[in-house]
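Structure record follows, encoded as structure tokens.
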Amino acid sequence: MNKVHTFLSPTKVIFGNDTAGLVGKETAQFNAKKALVVTDKSLLAAGLLSGVQDSLKAQKIDFDIYDQVEAEPPAHNVDDGARIAVDSGVDIVIGVGGGSSLDVAKGIALMAKNKGKILDYAGIDKVPLRGLPRILLPTTAGTGSEVTRTLVVADKVENLKMAVHSNYALADVAIVDPLLTLSMPPHVTADTGVDALVHALETYVSVNATPFSEILGIEAIRLIAENLPAAYAKGENITARYNMSLGATVAGLAFCSGGVGAIHGLSNILGIKYHMSHGRSNAVMLPYIVDYNKIGNLKKFAHIARVMGENTEGLTPYQASEKLVAALFKLLEIVDIPCRLSDYGATEADIPELTEGGMKISRLFVPNPRNMTEEDVKNIYTRAL
Ligand SMILES: [Fe+2]
């Protein structure tokens, strides 16, 4: 009660079906003459950018397209894109895509004005200059990147994903059009959807939770748990897609304020080592770490169980928390996510390397509701094997 909380949300969020076509008008508000549209080759080939392109043309805004964004993007995607942005004299960056494209767009906007390379600014509040204005349009319902101050790129030398946290990385405008997510294939729907659930859950139970992040986090959990199975079952279900987009963006707002925890910490090395998507690696660690964490805040974990539709009447908070763990395993089964590390090629011989990799991100153990030693990390990976 005596704590002081900061909630940061300066991004203008335009949310609703068929809103992607507003990008031209929004770009024009910045008096921009030329934009760099940042995306990946598959989205461009699928024609998902046509609405954005038409909207920019209608406003007579010139644009170049940078479509070299790779999945789990290496840092050079940002540095290469920034060079193109500077050389072609763009004055605004528009990111269209999943978390990878949005994060690279954020990085390009920063590096078009800041010296050096993006990895020079890994860490918290190290970016000195604001960068170019940026507008972000997510085509997945997962990352929340459109409303967070974080971007993540892979450092191929350190073999880790590195995060840049800066208020200058926030989008000026987020256009969240659920119709852009309709063509996501089921496995991407599952991976990104569970990532959004992990954002909401980790921030809700975080020791850094604030009244704002709690309210947003728990509602995001409800939206995602209720709608992910339907979105996975039938991608064209507009209601499920709408609610998933809402849940993912609300989860982004929540964790931008409350942060994430050990699930994101221990999943980092998995993405690199087994080439798992960010969402998939989080999904695999989710039930094991919730099981480990539950005694750190039984009341909250029991409440999550209720919000996810479990009947907890007459149960102790511990029993209700156990039900949550079972419900999470069930949800992963429903969306066909195998949740054993061995399903992705891990063996017992990998545990020391995984433990070492997990410990490199031990800063995310601080907000975790239960303390975590190296031995605990090793045991969690071993349980997940
Ligand atoms: Fe995430």
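The values are calculated or read from the model by the stated rules, or taken from the named source; none is laboratory data. Just so it is clear, the structure is predicted and the values come from calculations on it, not from any experiment. Backbone-built Cβ (ideal geometry, glycine too); neighbour counts: all protein chains shown.
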**Report entry** Conditions (1) part of a loop (DSSP other than H, G, I, E, B); (2) within 25 Å of K33 (Cβ to Cβ); (3) out of contact with any Phe, Trp or Tyr (no Cβ under 6 Å at 6 or more places or on another chain); number of the one not met by K126
**Finding:** (2)
**Report entry** helices (runs of 4 or more DSSP H) enclosed by segment 14-60 - at least 3 residues per element that are buried (at least 19 other Cβ atoms within 10 Å of the Cβ)
**Finding:** 23-28, 50-58
Query raised in the report: Within segment 186-215, restricting attention to residues that are among the aliphatic types (A, V, I, L, M) and farther than 23 Å from G97 by Cα, which residue is nearest to the ligand (Cβ to nearest atom)?
Result: L201
Report task. Evaluate segment 169-176: report whether one residue or more is within 16 Å of the ligand (Cβ to nearest atom) and either assigned by TED's automatic domain parsing to the domain that holds N282 or under 17 Å from the mean Cα position of the chain (by Cα) (or both). Result -> yes
Query - Whichever residue in segment 89-148 is within 16 Å of the ligand (Cβ to nearest atom), hydrophobic (A, V, I, L, M, F, W, C) and touching a strand residue (DSSP E or B) at 6+ places or on another chain (Cβ under 7 Å) and, among such residues, is nearest to S166 (Cα to Cα) - result: V147
Query raised in the report: Within segment 345-375, how many residues turn out to be part of a helix (DSSP H, G or I) and buried (at least 16 other Cβ atoms within 10 Å of the Cβ)?
Result: 10
Query raised in the report: In the list S267, S245, which residue meets the criterion of being buried (at least 24 other Cβ atoms within 10 Å of the Cβ) and either closer than 29 Å to T382 by Cα or at pLDDT below 95 (or both)?
Result: S267
Query raised in the report: Among the residues of segment 66-81 satisfying the criterion of being within 18 Å of A45 (Cβ to Cβ) and acidic (D, E), which is surrounded by the most Cβ atoms within 10 Å (Cβ to Cβ)?
Result: D67
Query - Residue among L102, L170, L151 that alone is surrounded by fewer than 24 Cβ atoms within 10 Å (Cβ to Cβ) and closer than 30 Å to N17 by Cβ - result: L170
Query raised in the report: Going by the structure shown, is T148 closer than 22 Å to G217 by Cβ and outside the structural domain of K360 (by TED's automatic domain parsing)?
Result: yes
Query raised in the report: Is there a residue being more than 30 Å from P185 (Cα to Cα), small (G, A, S) and in contact (Cβ under 8 Å) with a residue 60 or more places away in the chain anywhere in segment 289-310?
Result: yes
Report task. Would you check which residues across segment 1-16 are over 23 Å from the mean Cα position of the chain (by Cα) and among the aliphatic types (A, V, I, L, M) and list them? Result -> M1, V4
Report task. Six or more apart or on different chains, Cβ under 8 Å: which pairs go from a residue in segment 359-385 that's modelled with pLDDT of 95 or more to one that's basic (K, R) and surrounded by fewer than 17 Cβ atoms within 10 Å (Cβ to Cβ)? Could you list them? Result -> A384/R340; L385/R340
Requested in this report: Look through D155, D195, D172 and report the one residue that is of a type in the set (D, E, K, R), closer than 20 Å to I118 by Cβ and modelled with pLDDT of 95 or more.
Outcome: D172
